[in-house]
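Visitor: Can you keep this structure in mind? I'll have questions shortly.
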Protein chains: 2
Amino acid sequence: MTAAGVITLMTSTAGRADDEGSPIDGVKIPAGYREWKTIAVNQLLVPGKTDQLRAQLGNDIAFKAFKDGTLPFPDGAVIVALHWTRVPSEYNNQVLAGAFPDAQSFVVGSRVNMQIMVKDSKKYAATGGWGFGDFKDGKPGDEALHKTCFPCHEPAKDRDFVFTHYAQ
Amino acid sequence: MTAAGVITLMTSTAGRADDEGSPIDGVKIPAGYREWKTIAVNQLLVPGKTDQLRAQLGNDIAFKAFKDGTLPFPDGAVIVALHWTRVPSEYNNQVLAGAFPDAQSFVVGSRVNMQIMVKDSKKYAATGGWGFGDFKDGKPGDEALHKTCFPCHEPAKDRDFVFTHYAQ
């Protein structure tokens, strides 16, 4: 390969959002995560700050553990939490208005961020066996943000530090 | 097989929820649907009637069409919409309270129903190429309920009668 070819390749690779790992744990956005299975959905409202619809997806190891109620999660389990703005759907509301004049349909707007948890009981032994990543527009947040991940999840120790339950 | 064996098998098979098709279209609950890919999530609130968190899952044909923006949907596309009650999570709120005292976390409660759309442009030509099924606790609703499916979806003709958009 020529020097120019190497430079082009490097530039191209560096431009991929999923190449950059999170501070502290080095967690990366996993390839193909958007096609993972649905663990659950939820909503988070912090008045004046954020209003989100969310979905938690799992790789096969994580999904099976959720479904079977296996705790702690086995090594290799990866959970991605997709967070979108919650916005009213005027379109849906107009359609529903015939039957339900006061119906309120809310759908996802834009992506706020995504959070990733990777189980590796040896590598991440200091933080309950989990590595954390928080990404916005494909880029990880800073170290200060990532220092908040484990302390927030720590109260859920009896659920192996995971808040989400499997949605039957 | 003995007669007793046949009866046991028939009873066992009849007991499976996914054996009963919907009125009119004969749509059944597809095997393995809970492991399908996530198309989108949303919320529906009809004050005094229902308050739901929802997820739309698709088989591979449907998911690809959503992701690529393909319209109309190809034959074989199947969409399942899972509807749960939306309930506050006191557990999550307590954990969040340290950082966000007025945070409100809502999670899924019990399953309200599931709705299924099956694309077969010939079989279901009279209803935009879609067959419909609405199931509660694994049992299809009655014919009167199923007569409301297509009229409700008809306003979305320009989106091939589908309300859901792919959540990026």
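Visitor: Taking segment A:73-106 only, how many residues are touching a strand residue (DSSP E or B) at 6+ places or on another chain (Cβ under 7 Å), of a type in the set (Val, Ile, Thr) and more than 17 Å from A:Thr38 (Cα to Cα)?
Guide: Final tally of qualifying residues: 2.
Visitor: Restricted to segment B:141-168, and to residues that are among the basic types (Lys, Arg) and touching a residue at least 60 places away in the same chain (Cβ under 8 Å), which residue is nearest to B:Glu20 (Cα to Cα)?
Guide: Going residue by residue through segment B:141-168, those that are among the basic types (Lys, Arg) are B:147, B:157, B:159.
Restricting the remaining residues to those that are touching a residue at least 60 places away in the same chain (Cβ under 8 Å) gives B:147, B:159.
Details: B:Lys147: 18, B:Arg159: 29 Å.
Per the stated criteria, the residue is B:Lys147.
Visitor: Looking only at segment B:80-102, decide whether some residue is at positive phi and not charged (D, E, K, R). Don't jump to the end; show me each part of the working.
Guide: Quick first cut of segment B:80-102, residues at positive phi only: none.
No, that holds for no residue.
Visitor: Could you run through segment A:111-168 and say how many residues are part of a loop (DSSP other than H, G, I, E, B) and under 25 Å from B:Ala167 (Cβ atoms)?
Guide: So the count comes out to 10.
Visitor: Which of the numbered conditions does A:Pro101 fail, given that it passes all the others? Conditions: (1) assigned to a strand (DSSP E or B); (2) at pLDDT below 95; (3) not aliphatic (A, V, I, L, M).
Guide: (1)
Visitor: Within segment A:10-22, identify whether any single residue is modelled with pLDDT of 95 or more and either in contact with a strand residue (DSSP E or B) (Cβ under 6 Å, 6 or more places away or on another chain) or among the β-branched types (Val, Ile, Thr) (or both), and answer yes or no.
Guide: Looking through segment A:10-22, at least one residue is modelled with pLDDT of 95 or more and either in contact with a strand residue (DSSP E or B) (Cβ under 6 Å, 6 or more places away or on another chain) or among the β-branched types (Val, Ile, Thr) (or both).
Visitor: Quick check on segment A:63-80: of everything there that is over 22 Å from B:Leu53 (Cα atoms) and either within 15 Å of the chain's Cα centre (by Cα) or without any contact (Cβ under 8 Å) to a residue 12 or more places away in the chain (or both), which residue is surrounded by the most Cβ atoms within 10 Å (Cβ to Cβ)?
Guide: The qualifying residue surrounded by the most Cβ atoms within 10 Å (Cβ to Cβ) is A:Ala77.
Visitor: Across segment B:22-67, which residue is nearest to the other protein chains (Cβ to nearest Cβ) among those that are closer than 20 Å to B:Gly133 by Cα and acidic (Asp, Glu)?
Guide: So, considering only residues that are closer than 20 Å to B:Gly133 by Cα and acidic (Asp, Glu), the one nearest to the other protein chains (Cβ to nearest Cβ) is B:Glu35.
Visitor: Identify the single condition in (1) in a loop (DSSP other than H, G, I, E, B); (2) open to solvent by 10 Å² or more (accessible area, probe 1.4 Å); (3) of a type in the set (A, V, I, L, M, F, W, C); (4) modelled with pLDDT of 95 or more that A:Val27 does not satisfy, given that it satisfies every other one.
Guide: (2)
Visitor: Would it be correct to say that A:Phe100 is at the interface with chain B (Cβ under 7 Å from one of its Cβ atoms) and open to solvent by 70 Å² or more (accessible area, probe 1.4 Å)?
Guide: In short, yes.
Visitor: If you go through segment A:81-89 one residue at a time, do you hit one that is at the interface with chain B (Cβ under 10 Å from one of its Cβ atoms), farther than 30 Å from B:Ala156 by Cβ and free of Cβ contacts under 8 Å to residues at least 60 places away in the same chain?
Guide: Within segment A:81-89, not a single residue is at the interface with chain B (Cβ under 10 Å from one of its Cβ atoms), farther than 30 Å from B:Ala156 by Cβ and free of Cβ contacts under 8 Å to residues at least 60 places away in the same chain.
Visitor: Here is a follow-up. With the requirement that a residue be closer than 19 Å to A:Val107 by Cα, open to solvent by less than 10 Å² (accessible area, probe 1.4 Å) and without any contact (Cβ under 8 Å) to a residue 40 or more places away in the chain, what does segment A:31-62 give you?
Guide: Selection gives A:Val46, A:Ala55, A:Leu57.
Visitor: Can I ask one more? In this structure, does B:Val108 turn out to be within 7 Å of another protein chain (Cβ to nearest Cβ), touching a residue at least 40 places away in the same chain (Cβ under 8 Å) and either surrounded by fewer than 19 Cβ atoms within 10 Å (Cβ to Cβ) or in contact with a Ser or Thr (Cβ under 9 Å, 6 or more places away or on another chain) (or both)?
Guide: yes
Visitor: Ok, one more. Of all residues in segment B:111-143, count the ones that are among the charged types (D, E, K, R), more than 10 Å from every other protein chain (Cβ to nearest Cβ) and out of contact with any helix residue (DSSP H, G or I) (no Cβ under 9 Å at 6 or more places or on another chain). Lay out the reasoning, then the answer.
Guide: Taking segment B:111-143 as the starting set, the residues that turn out to be among the charged types (D, E, K, R) are B:111, B:119-120, B:122-123, B:134, B:136-137, B:139, B:142-143.
Within this subset, residues satisfying the condition of being more than 10 Å from every other protein chain (Cβ to nearest Cβ) are B:119-120, B:122-123, B:134, B:136-137, B:139, B:142-143.
Among the residues that remain, those that are also out of contact with any helix residue (DSSP H, G or I) (no Cβ under 9 Å at 6 or more places or on another chain) are: B:120, B:122-123, B:136, B:142-143.
Final tally of qualifying residues: 6.
Visitor: Let me ask you something else. Can you work out which of the residues in segment B:111-168 that are over 13 Å from the mean Cα position of the chain (by Cα), among the acidic types (Asp, Glu) and open to solvent by 20 Å² or more (accessible area, probe 1.4 Å) is nearest to B:Arg86 (Cα to Cα)?
Guide: B:Asp142
The values are calculated or read from the model by the stated rules, or taken from the named source; none is laboratory data. The structure displayed is predicted, hence computed values, not measured ones. Quick reminder, even Gly has a Cβ in these numbers, built from the backbone with ideal geometry, and neighbours come from all protein chains shown. Quick note on the areas: whole protein, heavy atoms, side chains included, nothing else; ligands and nucleic acids left out. Shrake-Rupley method; radii C 1.70, N 1.55, O 1.52, S 1.80 Å.
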